[in-house]
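> Quick one: the structure is below, and I'll ask about it shortly.
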Amino acid sequence: MHSGDGQGPGNAAIAEQLEALAALLDLAGASYYSVRAYRRAAELIRSTPAPVAELVRSGRVRELRGIGSAIEARLRELVETGRLAEIEELETEVQPELVGLGRLVGLGPQRMVDIGRALGIRTAGELREAAAAGRLREVPGIGPSTEAKVRAALERPPSRPRRGLLLNRAWELVTRLADGVGGVPAGDPRRWCDLSLRLAVVVPGDDPAAALERFHALPEVVSIVEREERRALGVTVEGVPVELVVAPVHRFGTELLRATGSEPYVASLGALPDGADEEAVYRALGRPFVPPELRETPLAGEPPALVERAQIRGDLHVHSTWSDGKASILEMAEAARDIGYGYVAICDHTRNVRVVPGLDADDLRRQGEEIAAVNERLAPFRVLRGTECDILADGTLDLPDDVLSELDWVQASVHAGQRQSRDQLTKRTLAAIEHPAVRSISHPQGRILNHRPPNAVDLDAVFAACVETGTAVETNGLPDRIDLSAELVRDAIRAGVLITCSTDAHSTRGLGNMKLSVATARRGWCTAGDVLNTRPLAEVLR
Ligand SMILES: [Zn+2]
Ligand SMILES: [Zn+2]
């Protein structure tokens with residue numbers, strides 16, 4: 001650890017140590033809250049201008065918000081000794097390789113720490129040997145059925161994670177691994193699936209052994225569970241398996257196509273000819289090129305000209321600090337303008353949402369003054385006065401009609417009561433669609449991926465009402481929502497409903513999720529004409 005100013009470790013060094021401790025505690029199965037407390041303390045210390053070492057010495061560090069007595073004690077140890085004994089203890093106990101393998105086969109980190117300690121093993125190889133020798137049963141708490149499960153999983157390692165990865169995480173992981181080996185991301189993330197089960201990287205090269213070594217040496221890959229001449233299955237510390245395929249240069253396109261499409265799609269192409277790139281393979285097949293997003297189910301004929309991110313002219317669903325956003329209206333507007341948009345709609349929550357601050361009619365009028373000032377400053381860029389208005393249990397809206405009619409852009413959504421019956425949810429949503437001020441329905445199914453299933457609303461009825469009233473439906477780009485999903489986007493546009501591609505951004509960074517929303521629209525066969533916010537502002541306002 002190097003010093004900040006000769007008075008002890010600098011803030012960045014302290015933060016780094018707290019983060020290392022948090023990561024190890026997480027692996028060791030510590031409570032979510034203590035792990036989070038250390039991560040937050042690290043973040044806080046990094047952004048604190050005053051030297052934290054001095055605050056610790058003068059006994060004033062607890063004046064920083066979020067620093068309690070446990071963290072103060074760790075900080076004192078760090079400042080006085082330059083290290084944290086617990087980090088060193090945890091590092092000998094928690095073997096990332098064992099933790100990753102454990103998660104892959106369905107055993108928690110604490111279990112793996114116990115196994116490692118009881119049997120004196122540290123590596124995947126040693127674990128395999130111990131399992132083969134029947135020694136797992138020596139570990140307290142491991143019965144014959146767990147033993148059998150682990151042995152089977154080690155012999156035939158699962159090639160898919162235990163649950164699907166959200167799109168942002170899956171994409172980030174395969175991109176990082178691909179960059180690390182000079183390859184290209186493939187598998188489900190390349191098709192922009194909302195949950196990824198197959199993660200793959202394809203790398204061109206005629207020295208497969210070297211490519212496999214590079215893959216194994218990546219910090220994210222804690223263990224290689226399968227290895228063939230041109231293929232390996234690695235696993236991350238989170239227990240996520242990732243396949244590496246090393247393709248001869250003249251077959252790179254062939255292998256990339258095979259590692260990208262869904263199984264039924266790839267099977268529908270028949271035997272794949274050699275091709276250095278995908279275009280060459282499609283040409284040799286006598287078929288038009290198909291973008292990865294459409295390689296889900298077999299398709300014949302020419303694919304449509306799908307909407308592209310560059311055709312999006314504005315974001316119609318973002319939040320600000322007026323409700324639960326992290327950035328001001330000005331900051332959101334400048335960030336949207338810097339992306340190249342012509343407009344952005346500030347759609348903060350209304351009162352009924354309760355779990356976060358919501359706006360009433362008076363708040364919206366005061367917010368309108370702030371928006372007017374920002375518009376004056378940023379013209380010709382345009383900030384729209386919008387709302388994400390709650391649809392109440394009886395189908396009425398959470399704002400009075402007079403304020404709704406003043407707004408430029410009204411979208412409505414169901415937050416509370418997602419478990420209502422199909423009949424109740426449908427009546428409620430239809431009532432909102434029929435309200436003259438409502439322009440779009442946000443996250444119509446209310447699902448949270450890996451957490452809450454889609455609600456029971458009758459989307460056929462919703463789409464029919466939308467066509468009648470000229471209301472759009474959203475495909476929400478938050479990675480744990482992606483709502484509507486791609487198949488339902490396709491149903492919507494077949495019914496003649498317009499789609500809004502929105503981010504629901506709660507920060508300037510969140511605006512980047514437009515690529516997730518657009519990818520979902522593309523998976524749903526949308527052309528630019530199907531997406532409302534590819535249009536100039538005058539056509540969006542009516
Ligand atoms: Zn919402
Ligand atoms: Zn929202």
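The values are calculated or read from the model by the stated rules, or taken from the named source; none is laboratory data. These numbers come from a predicted model, not from an experiment. Cβ atoms come from the backbone with ideal geometry, glycine included; neighbour counts cover every protein chain shown.
> When you scan the stretch 322-330, do you find a residue that is within 30 Å of residue 386 (Cβ to Cβ), among the β-branched types (Val, Ile, Thr) and surrounded by 22 or more Cβ atoms within 10 Å (Cβ to Cβ), even just one?
Yes, that holds for at least one residue.
> Mind checking whether some residue in the stretch 228-239 is of a type in the set (Asp, Glu) and part of a helix (DSSP H, G or I)?
no
> Let me ask another. Step by step: first the residues of the stretch 494-512, then only those that are among the charged types (D, E, K, R) and modelled with pLDDT of 95 or more, then the one that is farthest from ligand 1 (Cβ to nearest atom). Which residue is that?
Per the stated criteria, the residue is 494.
> Look at the stretch 97-144 and say how many of its residues are in contact with a Pro (Cβ under 8 Å, 6 or more places away or on another chain) and under 21 Å from residue 161 (Cβ atoms).
Counting residues in the stretch 97-144 that are in contact with a Pro (Cβ under 8 Å, 6 or more places away or on another chain) and under 21 Å from residue 161 (Cβ atoms) gives 5.
> Considering (1) β-branched (Val, Ile, Thr); (2) over 24 Å from the mean Cα position of the chain (by Cα); (3) under 26 Å from residue 195 (Cα atoms), say which one residue 391 fails and leave the rest.
In the conditions (1) β-branched (Val, Ile, Thr); (2) over 24 Å from the mean Cα position of the chain (by Cα); (3) under 26 Å from residue 195 (Cα atoms), residue 391 misses (3) alone.
> Still on this structure, please answer the following. Condition test on residue 411, is it in a strand (DSSP E or B), within 27 Å of the chain's Cα centre (by Cα) and either hydrophobic (A, V, I, L, M, F, W, C) or within 16 Å of ligand 2 (Cβ to nearest atom) (or both)?
yes
Results for (1) more than 30 Å from residue 515 (Cα to Cα); (2) under 33 Å from the mean Cα position of the chain (by Cα), shown as yes or no for each residue.
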site	(1), (2)
105	yes, yes
130	yes, no
134	yes, no
142	yes, no
151	yes, yes
156	yes, yes
170	no, yes
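> When you check residue 404 against the structure, is it more than 16 Å from ligand 2 (Cβ to nearest atom), surrounded by 20 or more Cβ atoms within 10 Å (Cβ to Cβ) and farther than 19 Å from residue 484 by Cα, yes or no?
yes
> Hey, can you tell me all the residues within the stretch 414-433 that are in a helix (DSSP H, G or I), within 16 Å of ligand 1 (Cβ to nearest atom) and either of a type outside the set (A, V, I, L, M) or within 18 Å of residue 354 (Cα to Cα) (or both)?
The answer is 428, 429.
> Could you check the stretch 468-493 and list, in sequence order, the residues that are closer than 10 Å to residue 524 by Cα and within 13 Å of ligand 1 (Cβ to nearest atom)?
Within the stretch 468-493, none qualify.
> Would a scan of the stretch 521-530 turn up a residue that is part of a helix (DSSP H, G or I), more than 20 Å from residue 457 (Cα to Cα), in contact with a strand residue (DSSP E or B) (Cβ under 9 Å, 6 or more places away or on another chain) and more than 16 Å from ligand 1 (Cβ to nearest atom)?
Within the stretch 521-530, one or more residues are part of a helix (DSSP H, G or I), more than 20 Å from residue 457 (Cα to Cα), in contact with a strand residue (DSSP E or B) (Cβ under 9 Å, 6 or more places away or on another chain) and more than 16 Å from ligand 1 (Cβ to nearest atom).
> Every residue in the stretch 84-99 that is more than 23 Å from residue 13 (Cβ to Cβ) and part of a helix (DSSP H, G or I), please.
Those that are more than 23 Å from residue 13 (Cβ to Cβ) and part of a helix (DSSP H, G or I): 93, 97, 98, 99.
> Additional query: Within the group 237, 246, 201, which residue is among the β-branched types (Val, Ile, Thr), within 23 Å of residue 156 (Cα to Cα) and touching a residue at least 60 places away in the same chain (Cβ under 8 Å)?
Only one candidate qualifies: 237.
> Taking residue 484 and the conditions (1) over 17 Å from residue 411 (Cα atoms); (2) within 16 Å of ligand 2 (Cβ to nearest atom), which numbered condition does it fall short on, given that it satisfies the others?
Unmet for residue 484, out of (1) over 17 Å from residue 411 (Cα atoms); (2) within 16 Å of ligand 2 (Cβ to nearest atom): (1).
> Return the residues of the stretch 397-413 that are away from ligand 1 (no atom under 16 Å from the Cβ) and of a type outside the set (D, E, K, R); say none if nothing qualifies.
400, 403, 404, 405, 407
> Could you pull out the residue among 65, 111, 76, 117 that is over 30 Å from residue 188 (Cα atoms), out of contact with any strand residue (DSSP E or B) (no Cβ under 9 Å at 6 or more places or on another chain) and outside any helix (DSSP H, G or I)?
Step by step, each of 65, 111, 76, 117 is checked, and only 65 is over 30 Å from residue 188 (Cα atoms), out of contact with any strand residue (DSSP E or B) (no Cβ under 9 Å at 6 or more places or on another chain) and outside any helix (DSSP H, G or I).
> Moving on. Taking residue 468 as meeting all but one of (1) farther than 26 Å from residue 367 by Cα; (2) within 16 Å of ligand 2 (Cβ to nearest atom); (3) among the acidic types (Asp, Glu), write down the number of the exception.
The single condition residue 468 does not satisfy is (2).
> Filter the stretch 179-224 for residues that are more than 27 Å from residue 295 (Cβ to Cβ) and crowded, with 21+ Cβ neighbours inside 10 Å and give the result.
222, 223
> Next question, about the same structure. Cβ-Cβ distance below 7 Å, separation of 6 or more or different chains: which pairs start in the stretch 484-509 with a residue that is within 16 Å of residue 439 (Cα to Cα) and of a type in the set (Gly, Ala, Ser) and end on one that is more than 16 Å from ligand 2 (Cβ to nearest atom) and not in a loop (DSSP other than H, G, I, E, B)?
Close Cβ pairs (under 7 Å, with a partner that is more than 16 Å from ligand 2 (Cβ to nearest atom) and not in a loop (DSSP other than H, G, I, E, B)) amount to 492/463; 492/499; 496/467.
> Looking at residue 225, is it modelled with pLDDT under 95 and over 17 Å from the mean Cα position of the chain (by Cα)?
Answer is yes for this residue.
> Still on this structure, please answer the following. Among the residues of the stretch 421-443, are any closer than 27 Å to residue 169 by Cβ and either away from ligand 2 (no atom under 16 Å from the Cβ) or at pLDDT 95 or above (or both)?
yes
> Another question about this same structure. Quick one: what pairs do we get from the stretch 78-96, first residue touching a residue at least 24 places away in the same chain (Cβ under 8 Å), second crowded, with 17+ Cβ neighbours inside 10 Å and charged (D, E, K, R), C-beta under 7 Å, 6+ apart or different chains?
Listed pairs, sorted by first residue: 84/74.
> Checking the structure you have, find out if any residue of the stretch 452-459 is surrounded by fewer than 19 Cβ atoms within 10 Å (Cβ to Cβ) and within 16 Å of ligand 1 (Cβ to nearest atom).
yes
> Sticking with this one: Taking only the stretch 340-365 into account, find how many residues are away from ligand 2 (no atom under 12 Å from the Cβ), modelled with pLDDT under 95 and in a loop (DSSP other than H, G, I, E, B).
Within the stretch 340-365, residues that are away from ligand 2 (no atom under 12 Å from the Cβ), modelled with pLDDT under 95 and in a loop (DSSP other than H, G, I, E, B) number 3.
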